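To keep things clear, I will list the structure first and then write my remarks on it.
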Amino acid sequence: QLQSKILILTICAAGIGGTFQYGYNISIINAPTSYIQTFMNETWLERTGVPLESNVILLLWSFTVSAYPLGGLTGAVVAGPMAIMLGRKMSLLLNNVFVIIAAGLSGFSRMAKSFEMIMLSRFFTGVNAGVSMNIQPMYLAESAPKKLRGAVALTSASFTALGLVLGQVVGLRELLGGEESWPFLLASNVVPALIQLTALPWFPESPRYLLIDRGDKESCISALQKLRGNSDLSAELEEMLAEQAAVKGQRAKNPWELFQNPALRWQLMSIVVLSSAMQLCGNDSMYFYAAYVFQEAGIPQDKIPYVVIGTGSCELITSVTCNMIIDYAGRRPLLLGGYIFMAGWAIVFMVALSQQTQISWMPYLSMACIFAYILSFGIGPAGVTGVLPTEVFDQMSRPAAYMICGSLLWFNLFLVGTAFPFIVKSLAHFCYVPFLVVCICTALYVGFFLPETKGKSFLEISEEFKKRNFKAHTHAVFYKGPEEIKSTML
């Protein structure tokens with residue numbers, strides 16, 4: 001049983017400084033919002049003798065908040081080259097440097113009387129999250145045995161959700177969310193980084209990376225022995241050698257080469273659709289609404305932070321559940337179910353919001369909708385989306401695929417964060433219509449075009465997509481119809 005212990009510990013060591021940080025840093029910024037805005041105003045007053053106008057404070061605040069996704073975008077772009085040149089494990093370790101810089105900046109921002117340091121620190125935190133969101137699922141899925149691959153790569157989503165919840169807890173007034181302690185709250189993300197720096201070096205690098213990228217068979221075998229113990233490695237090694245032979249003589253691809261390659265058309269379309277949908281489906285906006293809806297439901301103002309922790313825990317519970325069932329249920333049913341349910345709940349939610357003032361029990365319905373929506377998101381889209389790029393691309397395209405995926409994810413996070421307040425203003429109760437459309441379109445795409453990848457080797461998955469990519473070519477000679485129709489699908 002030692003080897004499964006090593007695999008579990010590897011997952012924890014990678015997760016705590018990896019996607020855990022993404023969730024944690026998204027949620028710790030919510031608690032000290034008003035204190036940081038006051039701090040901005042006071043520092044400006046001290047510097048210039050003139051207080052800031054409220055809309056300028058709001059602008060500065062939105063800069064601070066959007067520095068995070070911009071950092072994430074930067075991180076997603078550098079993650080590809082890092083994973084190829086430094087390896088998966090080394091990249092995760094080096095990635096902690098960004099968090100340590102960020103913690104230093106935000107921790108000393110009040111002493112230095114500079115709110116610009118907070119903005120800069122959010123940017124560096126974002127870079128860290130961008131790198132880990134791309135490299136951690138890649139590292140874990142490459143290290144896991146085939147039958148556990150989905151579950152192991154999915155732990156990334158569980159660590160994100162765990163980070164969210166812990167961030168909400170640490171941000172409570174009783175802990176670090178008070179007026180005096182917010183610099184410590186923002187700098188607390190240094191703790192997971194230090195844990196990872198002490199733990200991860202003891203665990204092996206991704207065996208696939210060692211064999212296929214480095215061509216180092218001995219290290220690969222010793223890494224496999226560490227991860228699998230003394231179980232028979234010949235079948236797994238054979239599979240890896242077959243994959244090595246399939247990509248022989250190729251070098252790691254760049255993102256733009258993926259777009260030019262007709263053999264990767266459907267894989268690329270699938271991850272573009274799914275990673276865009278993951279942010280555009282409105283799950284993060286539910287958190288935005290949570291406080292307002294809970295207030296309407298008559299929950300006292302000072303108790304709301306505790307109920308919001310409930311919403312975070314929802315995501316945690318479902319992503320752990322999803323972990324347990326993904327390798328039985330498969331990827332498609334979870335994605336399909338998740339998006340169909342979200343579409344359903346979005347409709348109910350909009351009806352409930354519009355009747356909020358007329359019918360006395362409506363606020364409770366909209367409260368239930370928030371939980372249901374987050375649960376539906378957690379059971380499929382939240383985790384499966386991150387696993388797919390590892391499964392549908394080969395070793396040489398994988399880092400580039402994650403760069404595309406990550407860039408889309410962060411760009412859309414930025415887009416939704418910036419646009420949502422305006423959507424609410426213009427559409428009022430029907431602000432979920434755009435999200436509803438996204439959910440329905442994604443469900444259709446998954447239903448019609450995404451093959452199941454459960455329990456297949458990376459080569460088998462490549463073969464399945466090859467059939468799809470070149471199926472169009474065989475018909476195209478006689479009949480030009482489906483080509484045009486296909487393009488309007490999106």
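The values are calculated or read from the model by the stated rules, or taken from the named source; none is laboratory data. The shown structure was predicted, so the numbers you read here are calculated from the model rather than taken from an experiment. All Cβ positions, glycine included, derive from the backbone under ideal geometry; neighbour counts span all protein chains shown. For the accessible areas, the whole protein counts, side chains as well, though only heavy atoms, and no ligand, DNA or RNA atoms are used. Shrake-Rupley method; radii C 1.70, N 1.55, O 1.52, S 1.80 Å.
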(request) Can you give me the number of residues within segment 359-383 that are assigned to a loop (DSSP other than H, G, I, E, B) and surrounded by 23 or more Cβ atoms within 10 Å (Cβ to Cβ)? (result) 1
(request) May I ask you to verify whether Ile6 is within 28 Å of Ala141 (Cβ to Cβ), more than 15 Å from the chain's Cα centre (by Cα) and either β-branched (Val, Ile, Thr) or not in a helix (DSSP H, G or I) (or both)? (result) yes
(request) Mind telling me which of the residues Ile325, Ile347 ends up being at pLDDT below 90 and among the β-branched types (Val, Ile, Thr)? (result) Ile325
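Of the residues that sit in segment 266-290 and are open to solvent by 40 Å² or more (accessible area, probe 1.4 Å) and modelled with pLDDT under 90, which one is nearest to the chain's Cα centre (by Cα)? Let's see the steps before the verdict.
Quick first cut of segment 266-290, residues open to solvent by 40 Å² or more (accessible area, probe 1.4 Å) only: 269, 272, 280, 284, 287-288.
Restricting the remaining residues to those that are modelled with pLDDT under 90 gives 284, 287-288.
Numbers: Asp284: 11, Tyr287: 16, Phe288: 18 Å.
The qualifying residue nearest to the chain's Cα centre (by Cα) is Asp284.
Regarding Glu391, is this residue within 15 Å of Gly282 (Cα to Cα), surrounded by 20 or more Cβ atoms within 10 Å (Cβ to Cβ) and charged (D, E, K, R)?
Details: within 15 Å of Gly282 (Cα to Cα): no; surrounded by 20 or more Cβ atoms within 10 Å (Cβ to Cβ): yes; charged (D, E, K, R): yes.
So Glu391 does not fit the description; no.
Of the residues that sit in segment 1-42 and are aromatic (Phe, Trp, Tyr) and surrounded by fewer than 23 Cβ atoms within 10 Å (Cβ to Cβ), which one is nearest to Ile304 (Cα to Cα)? Walk me through it before giving the result.
At the first step, the residues of segment 1-42 found to be aromatic (Phe, Trp, Tyr) are 20, 22, 24, 35, 39.
Those still in the list that are surrounded by fewer than 23 Cβ atoms within 10 Å (Cβ to Cβ) too: 35, 39.
Values: Tyr35: 18, Phe39: 24 Å.
Ranking the qualifying residues of segment 1-42, first place goes to Tyr35.
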(message) Can you tell me which condition Thr453 does not meet? The list is (1) within 30 Å of Ala252 (Cβ to Cβ); (2) polar (S, T, N, Q); (3) open to solvent by 20 Å² or more (accessible area, probe 1.4 Å), and all the others hold.
(response) (3)
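Residues are listed down the side, and each one gets a yes or a no for (1) within 30 Å of Tyr287 (Cα to Cα); (2) under 26 Å from the mean Cα position of the chain (by Cα); (3) modelled with pLDDT of 90 or more:
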site	(1), (2), (3)
Ser407	yes, yes, yes
Val416	yes, yes, no
Ser426	yes, no, no
Thr442	yes, yes, yes
Tyr445	yes, yes, yes
Phe448	no, yes, yes
Lys454	no, yes, no
Ala472	no, no, no
Leu490	yes, yes, no
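Could you pull out the residue among Gly417, Gly386 that is surrounded by fewer than 24 Cβ atoms within 10 Å (Cβ to Cβ) and within 18 Å of Gly130 (Cβ to Cβ)?
Working: Gly386 fails: surrounded by fewer than 24 Cβ atoms within 10 Å (Cβ to Cβ).
Selected residue: Gly417, the only one of Gly417, Gly386 that is surrounded by fewer than 24 Cβ atoms within 10 Å (Cβ to Cβ) and within 18 Å of Gly130 (Cβ to Cβ).
Would you check if Gln136 is under 23 Å from Val77 (Cα atoms), under 18 Å from the mean Cα position of the chain (by Cα) and either open to solvent by 50 Å² or more (accessible area, probe 1.4 Å) or not aliphatic (A, V, I, L, M) (or both)?
On the way: under 23 Å from Val77 (Cα atoms): yes; under 18 Å from the mean Cα position of the chain (by Cα): yes; either open to solvent by 50 Å² or more (accessible area, probe 1.4 Å) or not aliphatic (A, V, I, L, M) (or both): yes.
So Gln136 fits the description; yes.
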(message) I'm trying to understand the selection: among the residues of segment 145-164, which are open to solvent by 10 Å² or more (accessible area, probe 1.4 Å), of a type outside the set (Lys, Arg) and more than 11 Å from Gly15 (Cβ to Cβ)?
(response) Pro145, Leu148, Ala151, Leu164
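Can you name every one of the helices (runs of 4 or more DSSP H) wholly within segment 175-279 that holds 3 or more residues which are over 30 Å from Leu336 (Cα atoms)?
Working: elements: 182-187, 190-199, 217-228, 234-246, 255-260.
Output list reads 182-187, 190-199, 217-228, 234-246.
Test of understanding: among Gly330, Gly298, Gly312, which residue is more than 17 Å from Thr385 (Cβ to Cβ) and open to solvent by less than 30 Å² (accessible area, probe 1.4 Å)?
Working: Gly330 fails: more than 17 Å from Thr385 (Cβ to Cβ); Gly298 fails: open to solvent by less than 30 Å² (accessible area, probe 1.4 Å).
Exactly one residue qualifies, and that residue is Gly312.
Could you go through segment 14-21 and let me know if any residue there is touching an Asp or Glu at 6+ places or on another chain (Cβ under 6 Å), at pLDDT 90 or above and part of a helix (DSSP H, G or I). Spell out how you get there, then give the answer.
Let us first name the residues in segment 14-21 that are touching an Asp or Glu at 6+ places or on another chain (Cβ under 6 Å), namely none.
There is no residue in segment 14-21 that is touching an Asp or Glu at 6+ places or on another chain (Cβ under 6 Å), at pLDDT 90 or above and part of a helix (DSSP H, G or I).
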(request) Being hydrophobic (A, V, I, L, M, F, W, C), assigned to a helix (DSSP H, G or I), farther than 23 Å from Gly406 by Cα and open to solvent by less than 50 Å² (accessible area, probe 1.4 Å) narrows it down to one of Leu60, Leu45, so name that one. (result) Leu60
(request) Taking Asn55 as meeting all but one of (1) surrounded by fewer than 18 Cβ atoms within 10 Å (Cβ to Cβ); (2) not in a helix (DSSP H, G or I), write down the number of the exception. (result) (2)
(message) I need the full set of residues from segment 108-126 which are of a type outside the set (D, E, K, R) and within 26 Å of the chain's Cα centre (by Cα), in order please.
(response) Met117, Ile118, Met119, Leu120, Ser121, Phe123, Phe124, Thr125, Gly126
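Would you check which residues across segment 429-445 are among the aromatic types (Phe, Trp, Tyr) and open to solvent by 70 Å² or more (accessible area, probe 1.4 Å) and list them?
Keep residues of segment 429-445 that are among the aromatic types (Phe, Trp, Tyr), which gives 430, 432, 435, 445.
Within segment 429-445, Phe430 is the sole residue that qualifies.
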